[in-house]
Amino acid sequence: MASTKLYHLIPVPMEGKTLFPLNQLKAVDLAAYQRHRKKYQGREALLDRRIPPLACLWNDVLHLCLVDPHLIRDAKLAAGLPWPQRGRAVAAFDTAGGEFTPDNTAIWHPSPTRTKGDFGTPAKEFTPYHAHHLGALGDLPDRTRQHFEDCAKTGQQSFLFMGIPHVLHRGALSLEICQIMRV
């Protein structure tokens, strides 16, 4: 089977060599948990979002992306939005490594009709993880490009992964099993 990459932004600062879901991070490093929880300010309802196929919460999983981060960066810059001058560190996990299975990983397909502030989790937006389903999900959706353009025009905060399917992995992942790249 051909391998596919799953990407995760490496937090700044990164302590240790393991990426933890937010709820696990709370037990490992309370200060880091508090820093990373702040990104949900104004969107606290997300913390109660359920992931039906994994029987867990939104913050019990790592959120990975199939879209090459260079495409996301290029779309942000094309829309006139900033990107860090030194770039972002990104972990690229190979799906052929065996860490991702239908028991611990699911795919979330955000509905194109989802509106801002809609934090529901209809089961129809989730599919079980299977590597052969991933290939078609590596393109940057037009909806994401439009989001960047709209945010550039209005001055609203942009969300890097708006409209992009997420691969949700229940559990921690070691940075020692991935390629680290700067985008």
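Restricting to the range 94-104, name every residue that is in contact with a Gly (Cβ under 9 Å, 6 or more places away or on another chain) and either buried (at least 20 other Cβ atoms within 10 Å of the Cβ) or of a type in the set (Gly, Ala, Ser) (or both). Before the answer, list the steps.
Within the range 94-104, the subset in contact with a Gly (Cβ under 9 Å, 6 or more places away or on another chain) is 99, 104.
Residues satisfying the conditions do not exist here.
Specify which of the listed residues (ARG170, ARG182) is of a type in the set (D, E, K, R) and over 17 Å from ALA106 (Cβ atoms).
Within the list ARG170, ARG182, the selection yields ARG182.
So ASP150 ticks every box in (1) under 17 Å from the mean Cα position of the chain (by Cα); (2) of a type in the set (Asp, Glu); (3) outside any loop (DSSP other than H, G, I, E, B) but one. Which box is left unticked?
It fails just one condition, (1).
Tell me, which helices (runs of 4 or more DSSP H) lie completely within the range 1-94 with 1 or more residues that are within 25 Å of CYS151 (Cα to Cα) and among the acidic types (Asp, Glu)?
Numbers: elements: 22-28, 30-37, 69-78.
Filter on the range 1-94 gives 69-78.
Across the range 12-35, what is the number of residues that are closer than 24 Å to ARG49 by Cα and modelled with pLDDT under 90?
0
Where residues in the range 143-176 are among the charged types (D, E, K, R) and either on the phi > 0 side of the Ramachandran plot or in contact with a strand residue (DSSP E or B) (Cβ under 9 Å, 6 or more places away or on another chain) (or both), which of them is surrounded by the fewest Cβ atoms within 10 Å (Cβ to Cβ)?
Residues of the range 143-176 among the charged types (D, E, K, R): 143, 145, 149-150, 153, 170, 176.
From what's left, either on the phi > 0 side of the Ramachandran plot or in contact with a strand residue (DSSP E or B) (Cβ under 9 Å, 6 or more places away or on another chain) (or both): 170, 176.
On the way: ARG170: 19, GLU176: 7.
My answer is GLU176.
Given the structure, is GLN156 in a helix (DSSP H, G or I), polar (S, T, N, Q) and more than 22 Å from LEU22 (Cβ to Cβ)?
Criteria not met by GLN156.
Would you mind stating whether ASP103 is among the charged types (D, E, K, R), farther than 24 Å from HIS36 by Cα and in contact (Cβ under 8 Å) with a residue 12 or more places away in the chain? Lay out the reasoning, then the answer.
Values: among the charged types (D, E, K, R): yes; farther than 24 Å from HIS36 by Cα: yes; in contact (Cβ under 8 Å) with a residue 12 or more places away in the chain: no.
Considered against the rule, which asks whether it is among the charged types (D, E, K, R), farther than 24 Å from HIS36 by Cα and in contact (Cβ under 8 Å) with a residue 12 or more places away in the chain, ASP103 comes out as no.
Just checking, does the range 92-114 include any residue being modelled with pLDDT under 90, more than 25 Å from VAL183 (Cα to Cα) and touching a strand residue (DSSP E or B) at 6+ places or on another chain (Cβ under 6 Å)?
No, because not a single residue in the range 92-114 is modelled with pLDDT under 90, more than 25 Å from VAL183 (Cα to Cα) and touching a strand residue (DSSP E or B) at 6+ places or on another chain (Cβ under 6 Å).
Looking only at the range 23-62, which residues are closer than 19 Å to GLU99 by Cβ and surrounded by 14 or more Cβ atoms within 10 Å (Cβ to Cβ)?
If the condition is that a residue be closer than 19 Å to GLU99 by Cβ and surrounded by 14 or more Cβ atoms within 10 Å (Cβ to Cβ), then ASN23, GLN24, LEU25, ILE51, PRO53, LEU54, CYS56, ASP60, VAL61, LEU62 are the ones that fit.
Going by the structure shown, is THR121 of a type in the set (S, T, N, Q), surrounded by 15 or more Cβ atoms within 10 Å (Cβ to Cβ) and in a helix (DSSP H, G or I)? Spell out how you get there, then give the answer.
Working: of a type in the set (S, T, N, Q): yes; surrounded by 15 or more Cβ atoms within 10 Å (Cβ to Cβ): yes; in a helix (DSSP H, G or I): no.
For THR121, the condition - of a type in the set (S, T, N, Q), surrounded by 15 or more Cβ atoms within 10 Å (Cβ to Cβ) and in a helix (DSSP H, G or I) - is not met.
Considering each of ASP60, ASP48, ASP68, ASP29 in turn, give the residue that is of a type in the set (D, E, K, R), farther than 20 Å from PRO122 by Cα and in contact with a Leu (Cβ under 9 Å, 6 or more places away or on another chain). I'd like the intermediate steps shown before the answer.
Values: ASP60 fails: farther than 20 Å from PRO122 by Cα; ASP48 fails: farther than 20 Å from PRO122 by Cα; ASP29 fails: in contact with a Leu (Cβ under 9 Å, 6 or more places away or on another chain).
On inspection, the qualifying residue turns out to be ASP68.
Can we say ASN59 is within 17 Å of ARG170 (Cα to Cα), more than 14 Å from the chain's Cα centre (by Cα) and in contact (Cβ under 8 Å) with a residue 12 or more places away in the chain?
On the way: within 17 Å of ARG170 (Cα to Cα): yes; more than 14 Å from the chain's Cα centre (by Cα): no; in contact (Cβ under 8 Å) with a residue 12 or more places away in the chain: yes.
Answer is no for this residue.
The values are calculated or read from the model by the stated rules, or taken from the named source; none is laboratory data. Model, not experiment: these values are computed from the prediction. In this analysis, Cβ positions are derived from the backbone assuming ideal geometry, glycine residues included, and neighbour counts consider all displayed protein chains.
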